[in-house]
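One structure is given here, and the rest of the page talks about it.
The values are calculated or read from the model by the stated rules, or taken from the named source; none is laboratory data. None of these values were measured; they are calculated from a predicted model. We place every Cβ from the backbone using ideal geometry, glycine too, and count neighbours over all the protein chains shown. The area values use the complete protein model at the heavy-atom level, side chains included, leaving out ligands, DNA and RNA. Shrake-Rupley method; radii C 1.70, N 1.55, O 1.52, S 1.80 Å.
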Amino acid sequence: MITTTLRRTLLRSTASAPLARSRPCLSCAKRQFATSPPSAPHSATSPAASMLGALTGELDKLAPRFELHASQIRILQAPGEFYETLKERISKAERRIFLSTLYIGKTEHELISILRAALLRSPTLHVSILSDALRGTRESPHPSCASLLAPLVAEFGADRVDIRMYHTPNLRGLRKKVVPKRLNEGWGLQHMKLYGVDDEIIISGANLSDDYFTNRQDRYHVFSCPRLTDYFSRIHNAVCSISYQVLPAPADQGGFTLEWPESNPAPQPTEEPTAFKTAATAILAPLIRPLVAAKAPSTTGPRTFVYPLAQFTPLLYPTDTSTEHPGLSAVLRLLSRDDWASSKWMFTAGYFNIHSQLKQLLLASKSVQGTVVTAAPEANGFYGSKGVSNMLPPAYTLLARRFLGDVVKMGKEQQIELREWRKGTIGKDPDAWTYHAKGIWVTLPNEQNPSITLVGSSNYTKRSYSLDLEINALVVTEDESLKKQLRGEVEWLQEKSKKVTMEDFERTERRVSLKVRLALWLVGVLGGQL
């Protein structure tokens, strides 16, 4: 029997080489966040520039925009590379570390040791960690994310180590008491994945636990830009300010306590949800809207823009001004235009339950090639789990089958294909992986490499757009070197995938039981979402 330590050693890749010090992003010397007036990504009037210009002109009215050099974006491929890069950045941190994640695995002692060593090495270093209160305390009074982190506060003080846990305003009272802990995540989570160290940030869909560091495939984009990192730090800090604070407590109390600081500018979400959302809106809404300021310096050559897109629906009241859903919709609407008919796209989500409006936009695309990649049941993180969560893989299978059925009904089998990603069978094969990647890539007409991608935490589901907190980065580029990186990512993620057809879903082992269908219906009736 292979030990956990040996398994981790075998699976993790060797440390990646440090990023070369890239040029500062445009206008990075200015601490004030600014966007410039709408313009095409390149001054040339080529067809590609015109197409991208139509998109950026719409996005400039919706979300903040940052212009970077393509060399400031690096795409990581494997979980081990992600973990080694994260550890290397933390070990060299000088000023700040801010980590937004759903949870940190309760046995991630190595990561905690690296954070502790960084704090000891640099007395001016400040660490801020944001996770979810429901997920981060689920195992309590046994070891949990909260009990793992609390000792850092005890050793270095709350002025240097600030641990926060967000609690959704949607789960409270009787509902919170009756819904099992294993399922209460379905009513809303802190789902952002932002890993910032000094002036760099990794935007990902991965959480911080052993499987995400070894055998769960995700996406990881490293942005070396002070202004962009500052922006995401403000988002992180804003959510922290309306979250519970984790403080140390005796072991017989689980090792931690959750307190609501008097400095928080909002009441507790479980006690005064409406007032909580009103206060949250005042803090978050200004951060996600575009700000008009002095025009950024012009550049020569291909241009690269990054648009942060946020989905804060459960917090924005009474008007939802979230930017992810409208931003992604703006991209997908282009695909139904006649002049985009020779374009290509790929969409992926580990948990395939795409929002109905986004699904209709993909089905309406006139692109010559569209590819959907999702996890095979054997590569789903819930495969073989105990209890009701064991029904999740077949539930996602049912949803994928319905999507493919719609493709067939529309006669688009030659344009849109569904592929399932699988590397062994999780729980049975010692070298098996699960699949958790999500994103979209768009290749312009008559080109070979993608010019557009969306990377971040969203699973693009109804839950993502109604219950969870999500943050993403939409990258629009004309730079050939970056476009080749994006093509490599697309190819890498498809290597372990296989095309599936309606005949595959008819096989006995792929049929979904009535119990799963009823459970899927019941979750929706109770107000939760997959």
With the first residue restricted to segment 270-285 and required to be open to solvent by less than 40 Å² (accessible area, probe 1.4 Å), and the second required to be among the aromatic types (Phe, Trp, Tyr), Cβ contacts under 7 Å at 6 or more apart or on different chains are 281/317; 284/312
Selection from segment 136-148 of residues open to solvent by less than 50 Å² (accessible area, probe 1.4 Å) and over 20 Å from residue 238 (Cβ atoms) yields 137, 138, 139, 140, 144, 145, 146, 147, 148
Of (1) open to solvent by less than 10 Å² (accessible area, probe 1.4 Å); (2) under 30 Å from residue 287 (Cα atoms), residue 505 fails just (2)
Q: Assess whether residue 137 counts as being over 29 Å from residue 351 (Cα atoms) and of a type in the set (Ser, Thr, Tyr).
A: no
Contact list, first residue from segment 466-495 and over 30 Å from residue 187 (Cβ atoms) and among the hydroxyl-bearing types (Ser, Thr, Tyr), second anywhere and buried (at least 23 other Cβ atoms within 10 Å of the Cβ) and modelled with pLDDT of 95 or more, beta-carbon distance below 6 Å, six or more apart or interchain, is 477/304; 477/451
Conditions (1) under 28 Å from residue 364 (Cα atoms); (2) polar (S, T, N, Q); (3) assigned to a strand (DSSP E or B) -> residue 434 fails only (1)
Any residue in segment 186-203 that is crowded, with 18+ Cβ neighbours inside 10 Å, out of contact with any helix residue (DSSP H, G or I) (no Cβ under 9 Å at 6 or more places or on another chain) and among the small types (Gly, Ala, Ser)? no
Scanning segment 393-423 residue by residue, the ones that are of a type in the set (A, V, I, L, M, F, W, C) and farther than 15 Å from residue 347 by Cβ total 4
Among residues of segment 445-473 being outside any loop (DSSP other than H, G, I, E, B) and in contact with a Pro (Cβ under 8 Å, 6 or more places away or on another chain), the residue surrounded by the fewest Cβ atoms within 10 Å (Cβ to Cβ) is 473
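The rows are residues; the columns are (1) of a type in the set (Gly, Ala, Ser); (2) part of a helix (DSSP H, G or I).
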| position | (1), (2) |
| --- | --- |
| 83 | no, yes |
| 123 | no, no |
| 146 | yes, yes |
| 155 | no, yes |
Inset, instruction - Would you check if there is a residue in segment 408-416 being buried (at least 21 other Cβ atoms within 10 Å of the Cβ) and within 30 Å of residue 195 (Cα to Cα)? - result: no
The residue that is surrounded by the fewest Cβ atoms within 10 Å (Cβ to Cβ), considering only those in segment 160-184 that are of a type in the set (D, E, K, R) and out of contact with any strand residue (DSSP E or B) (no Cβ under 8 Å at 6 or more places or on another chain), is 177
* Asked: Within segment 377-399, can one find any residue that is modelled with pLDDT under 95, open to solvent by less than 20 Å² (accessible area, probe 1.4 Å), over 20 Å from the mean Cα position of the chain (by Cα) and hydroxyl-bearing (Ser, Thr, Tyr)?
  -> yes
Boolean, residue 277 is within 18 Å of residue 240 (Cα to Cα) and charged (D, E, K, R)
yes
